[in-house]
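Note sheet for the following structure.
The values are calculated or read from the model by the stated rules, or taken from the named source; none is laboratory data. Just so you know, these numbers come straight off a predicted model, no measurement behind them. Glycine gets a Cβ as well: all are built from the backbone with ideal geometry, and neighbour counts include every protein chain shown. Keep in mind that these areas ignore ligands, DNA and RNA; they rest on the heavy atoms of the full protein, side chains included. Shrake-Rupley method; radii C 1.70, N 1.55, O 1.52, S 1.80 Å.
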Amino acid sequence: MDNDVVLWIVVATALAFDFTNGFHDTANAVATSISTRAMAPRVAVTLAAVLNFVGAFLSLEVAATIANGIVEAELVTPAIVFAGLIGAISWNLLTWYVGLPSSSSHALIGGVVGAAFAAEGADAVLGDGIVEKVAIPALMAPVLAFVVAGLGILLIYRIIGRLRPSTVSRSFRLGQIVTGSLFSLSHGTNDAQKTMGIMFLALVANGNLSSGDDIPVWVVVSAATAIALGTYVGGWRIIKTMGSRIIKMDPAQGFAAQGAGAAVILSASHAGFPLSTTHVISGAIMGAGAAKRVSAVRWGVAGNIVAAWVLTLPAAAAVGALTFGVVHVFGDGATGPVVVSAALLLALGAGMARRVGSGQTLTAEG
Amino acid sequence: MLAAVEAGVLLEVAWVSLVAGVAVTVLFSLVVLFSARSAEARRGGSASRAMAYAGLALLFVAAFGVVLGYGVNIMLSKG
């Protein structure tokens, strides 16, 4: 009975993480399209939500779970997964609140690493895995996207240089709809799988499934729905940062950033080296701005974004470790996760009540 | 050892990204260029030039579509 309660708490927490993953990463696909007026904001997030939902069904590579190769798999318990998810959700909510794009995957990895470290000590954490799956991609993604987008916008300006600005803007806005859609679809095929993998692992650990079973349809549908709903709600603070605070974009720059971003993401997927969509599109936006004029990039904002990337893993790890510590105080049963979940829900409820009290909306737009 | 294992993959990601990114932006820019030229020629009363430019625009639309289709195929083949 206790095990079932923990299982369903882990499943609900995984879906909550999936939701925050969706609204945190909406900006990756839609920020440039909204800022260049290629699409109306609500149309852009609706399209992104639908494509994320569809994308979640296109690839079911559950074996490649997020923590695989990063912590000792046989030491992972539902309590560690729960604590890791809380660490990732906390970091996603904090970075959304301050309007900074950061990688949800790295937050989840950080949360699980912190919880595993608190539970089993340093032996549970695989350093090589962190270098391979976090450090190298985090360095490579923005630099590569910066270079590709920079080169792309220089070529675009060279080719369309003498055309009428109104024709150019109209055409590249159309192009942005295509590249933005490709980005959303790619996001759905990557990020919803993380949640599916975690739910599947929890079901296997609880004895409801064996590791060779297919993923249950309800797992796929619920994960797809959670990420699509999160995307639809939209993390407007991050959209504002990416769409207009890093550079003031024209439609050609928006197209170059999205086209380069999609090319980098898909090339990396093709080579079996997945990169963070957040790091890629942020680097691409900076590249598209800097190639036109270095001073066009607000380097202070860019610096804050990079600082958030550096802090993602340790901060999520600290919350994951702390959460595991609190859960552990209550023993191995369901009491710990129930207490932590109740405390978090109360804190979120209090935050919402405060927003309502101060006349703000309850959507993520604030 | 890790660096040696990753170096080949990193290089592959770098050059494929560069080629794919340049292909996407150049192909679409050529679509924009030849569409605009076609419209200008039509307005200038030169039907044959307008047709030729429109043909080139269509050719690059098709090439752009092939690149996008390849991208979608990469996504689908992951699973």
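Figures for the structure shown
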read-out: Solvent-accessible ranking of A:Asp214, A:Asp191, A:Asp250, A:Asp4, largest area first, probe 1.4 Å; value: A:Asp214, A:Asp4, A:Asp250, A:Asp191
read-out: Rounded to the nearest 20 debye, dipole of chain B from Cβ charges on Lys, Arg, Asp, Glu; value: 480
read-out: Dipole magnitude of chain A about its Cα centre (Cβ charges: Lys, Arg +1; Asp, Glu -1), debye to nearest 20; value: 2600
read-out: Surface accessible to a 1.4 Å probe, A:His279 within the full protein complex, Å²; value: 0
read-out: Label-zone membership for region A:125-145, site A:Ala73, 7 angstrom Cα→C-beta point, backbone N under 20 Å; value: A:125-134
read-out: For chain B, calculated [θ]222 nm from helices alone, where every DSSP H run of n ≥ 4 adds -39500 (n - 2.57); value: -34500 deg cm²/dmol
read-out: Inter-centroid distance (Cα atoms) of region A:156-183 relative to region A:81-103, Å; value: 34
read-out: FRET E, pair A:Thr335, A:Val143, Förster distance 51 Å, beta-carbon r, rounded to 0.05; value: 0.65
read-out: Choice from A:Trp299, A:Trp96, A:Trp236 with maximal GNM fluctuation in chain A (Cα, 10 Å cutoff); value: A:Trp299
read-out: Per residue value of the accessible surface for the protein assembly as shown (all protein chains in place, 1.4 Å probe), Å²; value: 42
read-out: Percent carbon-and-sulfur accessible area, region B:27-79, ignoring ligands, DNA and RNA, probe 1.4 Å; value: 69
read-out: Value of Rg to Rh for region B:27-79 (Rh from inverse mean 1/r over Cα pairs, i.e. Kirkwood); value: 1.24
read-out: Label-point separation, A:Lys248 to A:Val98 (7 Å along Cα→Cβ), nm; value: 2.7
read-out: Lys pairs under 24 Å by Cα in chain A, provided they are eight or more residues apart or on distinct chains; value: 4
read-out: Region B:20-79 versus region A:1-23: alpha-carbon centroid distance in Å; value: 46
read-out: Interface area, A with B, accessible, probe 1.4 Å, both sides summed, Å² nearest 100; value: 3300
read-out: Region A:237-333 - percent of accessible surface contributed by carbon and sulfur, probe 1.4 Å; value: 65
read-out: Taking only Cα atoms of chain A, radius of gyration then Dmax in Å; value: 20.4, 71
read-out: Positive-end extreme of charge dipole, the protein assembly as shown - chosen from A:Val221, A:Val43, A:Thr312 (charges on Cβ); value: A:Val43
